[in-house]
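To keep things clear, I will list the structure first and then write my remarks on it.
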Amino acid sequence: MAVSALLPSDRLRADGEDDDHVRLLADLDAPLPPILVHRSTMRVIDGMHRLRGAQLRGKKEVDVEFFDGEPEDAFALAVKLNVAHGLPLSLADRTAAATRIVASRPQWSDRRIAANTGLAASTVSAIRRRSTTQGEQSNTRMGRDGRIRPLHATEGRLRASQIIAAHPDASLREIAQRAGIATATAKDVRDRIRLGQDPVAPR
């Protein structure tokens, strides 16, 4: 891929790329991993230091791999990759990234964002509470496994009871998926309804 065709990454580092690290990569004779690029924007997701190192060496082309997805998913991936390897992101950079992800992906759980940014889940929770978009956030969270779960168990059980009433022949898996609850919880709700009990278990 032509170096001139690539755009710089979303600004992950407040201070920009580290010049010493760029020179270190430029001096290496060994081949470096491909640069990860967001296909639709041609913006670098991971590998800005490698790209600048190649430019410093006067290279006109670099090896790339493409990522297909939304820009905000590309940003989240960039943060995750830069936390996992290469020159680490500073605490301030990771906190800023988490703030952006909370705003752009409010349905993601605190643990999922924490895993992406290298922060504690409690830190992400505090960021979420301070977020100006708090009032617009949904009542569900998407976990690291990709499953959507309600923030409050009561809401999930009530949603499941409504689904069962509207679709009495629905499978437990379907009820659980649509209500954002575990299959075992969906079974408990259905059993309680059949017994004429409140779908919300007493505490």
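Each value in this text was obtained by applying a stated rule to the coordinates, not by laboratory testing. Quick caveat: nothing in here was measured; it's all calculated off a predicted structure. Reconstructed Cβ throughout: ideal geometry from the backbone, glycine too, with neighbour counts over all protein chains shown.
The calculated FRET efficiency for residue 178 paired with residue 111, based on their beta-carbon distance and R0 = 25 Å, is about 0.65. Amide H contacts of residue 67: 37, 38, 39, each under 5 Å away and 5 or more positions distant or on a separate chain (H built 1.01 Å from N in the peptide plane; Pro and chain starts excluded).
What is the gain in length, in nm to one decimal, between residue 7 and residue 171 on full extension, counting 0.36 nm per residue of separation less the C-alpha to C-alpha distance?
54.2 nm
The Cα trace of the chain gives Rg and Dmax of 22.6, 76 Å, the first to one decimal, the second as a whole number. Between 37, 119, 108, the Cα set farthest toward the positive side of the dipole of the chain (charges on each charged residue's Cβ, about the Cα centre) is that of 108. For segment 157-170, putting each phi into the Karplus relation 6.51 cos²θ - 1.76 cosθ + 1.60 with θ = phi - 60° gives couplings of 5, 5, 5, 5, 5, 5, 5, 5, 5, 7, 9, x, 8, 5 Hz, in residue order, rounded to whole numbers and with x for Gly and Pro. Would you work out if segment 152-194 is rounded, prolate or oblate? Take a ≥ b ≥ c from the square roots of the eigenvalues of the alpha-carbon gyration tensor; rounded if a/c is under 1.5, else prolate when a/b is larger than b/c, oblate otherwise. Verdict is rounded for segment 152-194.
When 1/r is averaged over all different Cα pairs and the result inverted, which Kirkwood radius in Å belongs to segment 22-112?
Kirkwood hydrodynamic radius for segment 22-112: 14.4 Å.
Highest mean first, the peptides 11-17, 107-113 sorted by other C-beta atoms within 10 Å per residue fall in the order 107-113, 11-17.
In this rough spin-label picture, where each label sits 7 Å from Cα along the Cβ direction, the residue 39-residue 200 distance is 4.6 nm. Across segment 188-201, rounded Karplus estimates of 3J(HN,Hα) from the backbone phi angles (6.51 cos²θ - 1.76 cosθ + 1.60, θ = phi - 60°) give 5, 4, 5, 5, 5, 5, 5, 8, x, 9, 5, x, 8, 5 Hz, Gly and Pro being marked x.
Within the shell defined by Cβ-Cβ distances under 10 Å, the residues around residue 54 carry a net charge of +3, with Lys and Arg each +1 and Asp and Glu each -1. Here 56, 25 are placed in order of increasing Cβ neighbour count within 10 Å, fewest first, which gives 56, 25.
If the chain linking residue 70 and residue 85 were pulled fully straight, counting 0.36 nm for each residue of separation and taking away their Cα-Cα distance, it would gain 3.1 nm. In the chain, helices alone account for a calculated mean residue ellipticity at 222 nm of -14500 deg cm²/dmol, with every DSSP H run of four or more residues adding -39,500 (n - 2.57). Label-to-label distance for residue 122 and residue 32 is 3.8 nm, based on points extended 7 Å past Cα in the beta-carbon direction.
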